[in-house]
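Please read the structure below before turning to the comments.
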Amino acid sequence: NYQSFKEYSQVGAYFVSRLKANASLFDPHTNEPISLVTLLPKDDSIVSIECYLAHPKTHKNSIAVRVCIEKVPETISQQRLEKLQKTAKCQQWELSELRVELCAYNLFITNANQEQLPSELIRLFYGIRWQIELVFKIWKSIFEIDQVKPMSIFRFECMLYGRLILILINNQLQALFKAKIAIDDNFEL
């Protein structure tokens, strides 16, 4: 979200995230709003544009960002559209033409420049970031790494080390099962 991006930029950290359809983007030279529709590539090229991301309600306090847009294969586009239509039907809201059209594209936003993060690698970095996020989500939900009651520091250290050892053992077992299933059944777990 905008506030997180602003905080990352202020401390000199970098981010890679998906761009939401309702993001407020502005041209850095003219300060005019940028329509996402005008940026969408018609071929398989990747469009990369420097712009400003403004606060969604006030349109002030802009952050310098780079937007990268790439077309996805038709099968993925159709899957996204079906999922979006199902969600819209369940929640009883109408789909805009823009939302339907954006199903055919990956839209990423970053504050890293082209030299630091080339447009061709942005999807790869986003995928890695997403995998890391999933690992931490699993650690929180299964191993309850975030649930700590008041206790002495010594007990806390023992509990933390115990859970980390449990996580390592779990990851090793999972890797073994993944390899066995891949070899025996020719199936990726």
- [ ] With everything on Cα atoms, drop me the angle between helix 122-142 and the longest principal axis of the chain, reported from 0 to 90° to the nearest 10.
- [x] 40
Open item on the list: Averaging the inverse of every distinct alpha carbon separation and then flipping it gives the Kirkwood radius. What is it for region 6-112, in angstrom units?
Closed with: 15.0
- [ ] List the residues of region 104-139 whose backbone N lies under 19 Å from a point placed 7 Å from the Cα of R163 along the Cα-to-Cβ direction.
- [x] 132-139
Task: Sulfur and carbon atoms: percent of accessible area, the chain [1.4 Å] - done: 57
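For Cα pairs less than 8 Å apart in space and 6+ apart in sequence, what is the mean separation divided by the residue count of the chain, i.e. the relative contact order in percent?
Values: 195 pairs, mean separation 36.4, N = 189.
So the answer I get is 19 percent.
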- [ ] Relative to the longest principal axis of the C-alpha atoms of the chain, give the angle of the C-alpha long axis of helix 153-185, reported between 0 and 90° and rounded to the nearest 10°.
- [x] 80
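Indicate the gyration tensor shape class of the chain (rounded, prolate or oblate), computed on the Cα atoms with a ≥ b ≥ c the square roots of the eigenvalues: a/c under 1.5 is rounded; otherwise a/b larger than b/c is prolate and the rest oblate. Mind dumping the intermediate values first?
Values: a/c = 2.03, a/b = 1.47, b/c = 1.38.
Verdict is prolate for the chain.
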Task: Spin-label proximity, D43 to region 51-91 - amide N less than 18 Å from point 7 Å beyond Cα toward beta carbon - done: 69-74
Task: Near-label residues of region 125-142 by backbone N, under 15 Å of a point 7 Å along Cα→Cβ of I76 - done: 125-131
Task: Linear extension gain, D185 paired with L98, 0.36 nm per residue minus alpha-carbon span - done: 27.1 nm
Task: Per residue value of the accessible surface for the chain (all protein chains in place, 1.4 Å probe), Å² - done: 73
Open item on the list: Starting from the 7 Å offset along Cα-to-Cβ, what nm value, one decimal, do you get for the label separation of I128 and T58?
Closed with: 3.6
Task: FRET efficiency, 1/(1 + (r/R0)^6) with R0 45 Å, evaluated for A112 and A88 via beta carbons - done: 0.85
Open item on the list: Just to make sure I understand: if all protein chains stay in place, what is the order of F156, F5 by accessible area at 1.4 Å, largest first?
Closed with: F156, F5
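The values are calculated or read from the model by the stated rules, or taken from the named source; none is laboratory data. For clarity, every value in this text was computed on a predicted model and none was experimentally measured. Note: ideal-geometry Cβ built from the backbone for every residue, glycine included; neighbour counts use all protein chains shown. Surface areas here come from the heavy atoms of the whole protein model, side chains and all, with no ligands, DNA or RNA. Shrake-Rupley method; radii C 1.70, N 1.55, O 1.52, S 1.80 Å.
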